[in-house]
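*Asks:* Quick one: this structure, given as structure tokens, is what I'll be asking you about.
The values are calculated or read from the model by the stated rules, or taken from the named source; none is laboratory data. Predicted model only: the values in this text are computed from it and were never measured. Note that each Cβ is placed from the backbone with ideal geometry, even for glycine, and that neighbours are counted across all protein chains shown. These accessible areas exclude ligands, DNA and RNA; they are computed on the full protein's heavy atoms, side chains included. Shrake-Rupley method; radii C 1.70, N 1.55, O 1.52, S 1.80 Å.
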Amino acid sequence: MTGNSIGKIFRVTTFGESHGKSLGCIIDGVPPGMKISEKDLRIDLDRRRPSENEDGISRRNEPDRVEILSGIFNGFTTGNPIGIILNNCDKRSQDYDNIREIFRPGHADYTYQKKYGVRDHRGGGRSSARETAMWVAAGSIAKKYLRQNLGITIQAYLSQVGNMFIDFKEPSCLSRKNFFCPDSSKILELKKLFSHLKKIGDSVGSKVTVFAKHMFPGLGEPVFHKLNADISYAMMNINGVKAVEIGDGFNVVQMNGSYHRDEIRKGGTFRTNHSGGILGGITTGQDVVVHIAFKPSSSIKVPCTSINHDGEEVTISVSGRHDVCIGIRAVPVVEAMLAIVLIDHFLMHKGRCMR
Ligand SMILES: Cc1cc2nc3c(=O)[nH]c(=O)nc-3n(C[C@H](O)[C@H](O)[C@H](O)COP(=O)(O)O)c2cc1C
């Protein structure tokens with residue numbers, strides 16, 4: 001168990017480091033007969049990509065053009081492993097020279113060094129969120145399958161930044177340019193906040209909400225592979241995630257049972273969806289709703305104390321190209337992780353229940 005794979009039937013295995021030659025993945029278990037091209041993957045990769053000129057987002061200028069190496073014949077999946085590769089073009093590894101021997105607080109530098117005794121300090125190496133590009137590529141295939149074969153659609157958005165709560169009001173304004181904020185009245189405020197934080201060299205925490213629509217009842221496994229457990233596992237693996245909530249999440253603490261239980265009506269409809277569309281680890285047929293909390297990025301200019309490899313205290317201020325608010329670029333990552341879990345569960349469900 002080296003932790004580089006996720007999924008049981010739809011299984012994604014990744015490799016690569018932030019400043020290595022390339023990132024790559026092998027996706028096994030993709031059903032045969034799906035029309036897939038690099039163009040399909042590009043849409044979500046472009047939504048995740050760093051940007052040269054957008055506030056709140058890292059300025060690493062990567063084209064993120066993937067190449068599909070295997071598993072496709074005449075434009076269709078063959079059922080064999082799909083290999084994908086993505087070259088790292090805009091590395092600027094010299095930005096990290098000053099932290100070769102210093103552990104950045106809030107990053108995995110200290111823990112990787114303690115575990116392996118050696119680490120690639122450039123951009124966080126294997127612990128870098130650049131890794132999530134591969135998840136997004138794999139997630140694009142999963143999303144397409146779910147949409148075309150089951151009608152399931154997945155949508156994530158920025159639902160909170162600091163103390164600002166954002167309601168899902170205008171799905172039409174969801175784009176990276178608008179910070180994946182579904183309320184146009186909040187975009188200017190966010191822009192001001194992000195440029196202010198950039199100026200003072202600080203960052204802010206955020207929440208991303210994701211829902212899967214047009215679900216059918218019965219997806220999920222009982223006991224140790226509950227759908228809610230597998231979703232939480234996948235989301236908790238995303239860099240910077242500190243909490244995952246299904247449905248009403250931590251708010252259930254303040255509720256009474258008479259309010260929280262979702263009453264069932266004639267024909268199998270529910271009056272509310274406090275449970276987030278999952279009961280006993282299995283979908284009810286309602287939307288699956290998940291909230292994911294991202295910590296404020298740790299790579300900031302505001303100086304703080306850390307230690308070097310000799311254990312001596314040093315002052316560190318991290319410059320370079322970083323995200324002021326992780327939640328923005330995490331939106332397509334969250335969608336990808338939900339899609340990977342749902343397709344994996346669907347293939348397990350089909351194998352066991354044949355319907
Ligand atoms: C899409 C994405 C972009 C990220 N960008 C940054 C960043 O620019 N600066 C930063 O300090 N952390 C960033 N992070 C978070 C770090 O990768 C993460 O905090 C670090 O790897 C340590 O892991 P942990 O926070 O999960 O413990 C990003 C995370 C994601 C998902």
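*Asks:* With a 1.4 Å probe and every protein chain left in place, work out the accessible area per residue of the stretch 212-355 in Å², rounded to a whole number.
*Replies:* The answer is 49 Å² per residue.
*Asks:* What is the spread of the Cα atoms of the stretch 1-41 along each of their three principal axes, largest first, in whole Å?
*Replies:* 34, 28, 9
*Asks:* Okay, helix-only estimate at 222 nm for the chain: each DSSP H run of n ≥ 4 adds -39500 (n - 2.57), divide by all residues, round to 500 deg cm²/dmol; what do you get?
*Replies:* My calculation for the chain gives -8000 deg cm²/dmol from helical runs alone.
*Asks:* Would you mind putting 170-181, 86-97 in packing order, based on average other-beta-carbon counts within 10 Å, highest first?
*Replies:* 170-181, 86-97
*Asks:* Moving to a separate point now. Take ASN237 and LYS21, extend 7 Å from each Cα along the Cα→Cβ direction, and tell me the distance between the two endpoints in nm.
*Replies:* In this crude label model, ASN237 to LYS21 measures out at 2.6 nm.
*Asks:* Where only protein heavy atoms count, and the probe is 1.4 Å, what is the accessible area per residue for the stretch 1-79 in Å²?
*Replies:* Counting only protein heavy atoms, the per-residue value for the stretch 1-79 is 51 Å².
*Asks:* Out of every Cα pair in the stretch 5-353, what percent are spaced more than 29 Å from each other?
*Replies:* Value for the stretch 5-353 (Cα pairs over 29 Å): 42 percent.
*Asks:* What chymotrypsin sites (Phe, Trp or Tyr not before Pro) does the stretch 221-312 have in DSSP loop regions with at most 10 other beta carbons within 10 Å?
*Replies:* Those that pass, being in a loop and sparsely packed, are PHE224.
*Asks:* I would also like to ask the following. Name the lysines eligible as straight-distance cross-link partners of LYS39: C-alpha to C-alpha under 25 Å, and not fewer than 8 places from it in the same chain.
*Replies:* Cross-link targets: LYS21, LYS91, LYS143, LYS144, LYS177, LYS213.
*Asks:* How far is the Cα center of the stretch 1-70 from the Cα center of the stretch 313-355, in Å?
*Replies:* 11 Å
*Asks:* What's the carbon and sulfur percent of the stretch 5-353's accessible surface, probe 1.4 angstrom, rounded to a whole number?
*Replies:* 52 percent
*Asks:* Let's see if you can work this out: charge +1 on each Lys and Arg Cβ, -1 on each Asp and Glu Cβ, no other charges. What is the dipole magnitude of the chain about its Cα centre, in debye to the nearest 20?
*Replies:* 640 debye
*Asks:* Return one number: the angle in degrees, 0 to 90 and rounded to the nearest 10, between the long axis of the Cα atoms of helix 326-353 and the longest principal axis of the Cα atoms of the chain.
*Replies:* 40 degrees
*Asks:* What do you get for the angle between helix 187-200 and the principal long axis of the chain? Use alpha-carbon atoms, 0 to 90 degrees, nearest ten.
*Replies:* Rounded to the nearest ten degrees, it is 30.
*Asks:* Relative to the longest principal Cα axis of the chain, at what angle does helix 132-145 sit, 0 to 90 degrees, rounded to 10?
*Replies:* 20 degrees
*Asks:* Now for a separate question. If you take the square roots of the eigenvalues of the alpha-carbon gyration tensor of the stretch 75-116 and sort them as a ≥ b ≥ c, do you get rounded (a/c under 1.5), prolate (a/b over b/c) or oblate?
*Replies:* Since a/c reaches 1.5 but b/c is at least a/b, the shape of the stretch 75-116 is classed as oblate.
*Asks:* Let me ask something else about it. How do THR305, THR315, THR13 stack up against each other in accessible area, from largest to smallest, with a 1.4 angstrom probe?
*Replies:* THR315, THR305, THR13
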